[in-house]
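The values are calculated or read from the model by the stated rules, or taken from the named source; none is laboratory data. Values in this document were obtained by computation on a predicted structure and should not be read as measured data. Note: ideal-geometry Cβ built from the backbone for every residue, glycine included; neighbour counts use all protein chains shown.
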Amino acid sequence: MAVSFSLLQFSKRSENIKPAKSFESFPSSIESWEGSRYFFDQKVYDVLGVDDSVAINYTNPENKMVQLYIGFYQSQKEGDLIHSPKNCMPGSGWNIVESGIEKVNIESLDKSIRVIRLKLQKGSQKQFVLYWFHSRGRIISSEYMQKIWLVIDSVTRRRTDGSFVRLVSPVYENEKETLEILKNFTSSLYPYLKKYIPS
């Protein structure tokens with residue numbers, strides 16, 4: 001009974017993990033990319049349940065666009081879980097025609113990370129999405145493993161905070177070029193993520 005009581009009290013304990021820096025200050029300029037912020041309707045934020053977030057449309061000198069969204073969750077104990085694009089994108093009219101894992105070289109780390117890749121289509125429009133779960137010092141490229149690590153870290157580290165990073169770009173001349181644009185942007189973006197997302 002004592003152990004059960006202790007676990008119950010632990011599960012109710014609020015987490016005090018916050019972003020290393022508020023996403024309000026997230027830069028609108030990243031190397032040659034210049035961005036403008038955009039915002040969702042309040043109803044969307046209510047559904048997402050994020051504690052902090054940023055959404056920016058970046059454009060490079062060649063007029064190519066990458067849409068960035070980062071959502072931070074201080075705690076995922078009370079039902080506010082990170083939403084996967086695999087669930088919400090089809091609801092907005094985009095069909096997932098391809099899903100896989102993309103290896104992205106991060107120059108600042110001198111190594112690569114694995115992220116989830118989606119190819120979406122709505123009528124004649126196509127776009128690619130790269131996303132991952134940036135949670136408690138890990139880059140997680142699987143919804144399944146995200147849940148596994150969430151349980152493990154809630155017990156061993158008393159943390160369920162986490163972040164979700166999503167990049168979207170319309171397909172331009174060809175799909176390979178679009179993927180390279182997204183991967184290069186990810187490499188440029190990564191050092192900034194470390195300044196905001198707690199490890």
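Tabulated data
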item: Any hit, the stretch 119-137, residues being without any contact (Cβ under 8 Å) to a residue 12 or more places away in the chain, among the aromatic types (Phe, Trp, Tyr) and farther than 17 Å from Pro191 by Cα; result: no
item: Residues of the stretch 7-42 classified as touching a helix residue (DSSP H, G or I) at 6+ places or on another chain (Cβ under 9 Å), modelled with pLDDT of 80 or more and either of a type in the set (Gly, Ala, Ser) or within 16 Å of Tyr69 (Cβ to Cβ) (or both), total; result: 12
item: Residue satisfying condition, being farther than 22 Å from Tyr190 by Cβ, of a type in the set (S, T, N, Q) and without any contact (Cβ under 8 Å) to a residue 60 or more places away in the chain, within set Asn63, Asn57; result: Asn63
item: Single residue of the stretch 129-141 satisfying the filter (assigned to a strand (DSSP E or B) and in contact with a Pro (Cβ under 8 Å, 6 or more places away or on another chain)) that is nearest to Ser92 (Cα to Cα); result: Val129
item: Matching residues, the stretch 142-193, being assigned to a helix (DSSP H, G or I), in contact (Cβ under 8 Å) with a residue 60 or more places away in the chain and of a type in the set (A, V, I, L, M, F, W, C); result: Leu150, Leu179, Ile181, Leu182, Phe185, Leu189, Leu193
item: Qualifying positions in the stretch 26-63 - surrounded by fewer than 11 Cβ atoms within 10 Å (Cβ to Cβ) and under 28 Å from Gly137 (Cβ atoms); result: Ser29
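Conditions tested, residue by residue: (1) over 23 Å from Val129 (Cα atoms); (2) in contact with an Asp or Glu (Cβ under 8 Å, 6 or more places away or on another chain); (3) modelled with pLDDT of 95 or more.
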position: Ile148; (1), (2), (3): yes, no, no
position: Ser154; (1), (2), (3): yes, no, no
position: Arg158; (1), (2), (3): yes, yes, no
position: Ser163; (1), (2), (3): no, no, no
position: Arg166; (1), (2), (3): no, no, yes
position: Ser169; (1), (2), (3): no, no, yes
position: Glu173; (1), (2), (3): no, no, no
position: Asn184; (1), (2), (3): no, no, yes
